[in-house]
Amino acid sequence: MNPKKILIVLTACVAVALFFYFDLQRLLTLEALKANRQLLADYYASHTVGAVALFMAIYILQTAFSLPGAAVLSLAAGAVFGPLAGTVYAVAAATIGATLAFLATRYLLRDAILSRFGARLEGINRELEERGWNYLLFLRLVPLFPFFLINLAAGLTRLPLRVFVLGTFIGIIPGGFVFVNAGASLATINSLSDVASPRVLGSFALLGLFALLPVLYGRITRGKSVR
């Protein structure tokens with residue numbers, strides 16, 4: 001690894017270490033969001049562009065560094081910006097952050113990630129290489145695997161960048177809207193489990209199955225041709 005790559009990796013490690021050292025995750029909790037909702041709304045009213053830019057920057061960094069707090073940030077988007085605008089900001093920021101993690105994995109951290117998560121990523125890697133678009137869309141729609149692991153796994157494959165970006169953006173819209181829309185009624189949310197109900201998760205699973213239909217059809221037709 002050349003000196004520039006080493007510097008980038010060290011900078012990222014320091015940033016993550018500082019996040020946990022100063023316990024910044026306490027700011028990304030449902031309780032903290034409820035306590036500061038009015039303050040955030042007032043800031044947005046007086047500094048509209050700055051508030052959006054700051055929110056997206058925080059969300060991008062959270063996603064790129066695989067830090068905790070994505071669900072609370074999505075709720076915050078709904079509470080401050082409203083359901084539609086909040087969904088746009090949250091989904092766009094999450095996609096950019098995921099893309100940065102994807103690129104970092106592909107060009108900086110490949111060996112380290114394989115040694116740490118290789119066994120867990122093997123199955124995802126194989127499916128992404130063989131059926132990239134459909135399988136990525138399935139993974140984004142159905143919360144079977146952690147969001148950050150999908151970013152890492154995709155970066156280890158030969159999946160084209162444009163497929164990753166588009167599949168991520170489209171695939172996270174339904175889940176993003178559910179959390180952002182819930183954030184618009186923040187007072188009724190007592191825990192994150194109130195948002196991710198079995199009914200909602202079941203709906204995501206159904207959407208994911210539709211994404212996998214072309215893959216299943218291809219397997220069936222190949223099986224018939226072999227016979």
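The values are calculated or read from the model by the stated rules, or taken from the named source; none is laboratory data. Since we're looking at a predicted model, the values are computed, not measured. Note that each Cβ is placed from the backbone with ideal geometry, even for glycine, and that neighbours are counted across all protein chains shown. The protein model used for the area step is the full one, side chains on, heavy atoms only, and it has no ligands, DNA or RNA in it. Shrake-Rupley method; radii C 1.70, N 1.55, O 1.52, S 1.80 Å.
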- Item | Gap separating the Cα centres of region 22-65 and region 94-123, nearest whole Å | 26
- For region 6-63, report the translational diffusion coefficient in µm²/s to the nearest whole number, using Stokes-Einstein at 10 °C, 1.306 mPa s, and a Kirkwood Rh over Cα pairs. 121
- Message: With every protein chain left in place and a probe of 1.4 Å, what is the accessible surface of Y89, to the nearest 10 Å²?
- Response: 60
- Task: Rank by packing, highest mean first: peptides 31-37, 12-18, with packing defined as the count of other Cβ atoms within 10 Å averaged across residues.
- Result: 31-37, 12-18
- One-quarter of the Cα convex hull surface for the chain, in nm²? 14.4
- Which angle from 0 to 90°, rounded to the nearest 10, does the C-alpha axis of helix 161-171 make with the longest principal axis of the chain? 60
- Pairing the Cα long axis of helix 70-81 with the longest principal axis of the chain, what angle in degrees results, from 0 to 90 and rounded to the nearest 10? 50
- Message: Could you order the peptides 102-109, 150-157 from most to least packed, using the average number of other C-beta atoms within 10 Å per residue?
- Response: 150-157, 102-109
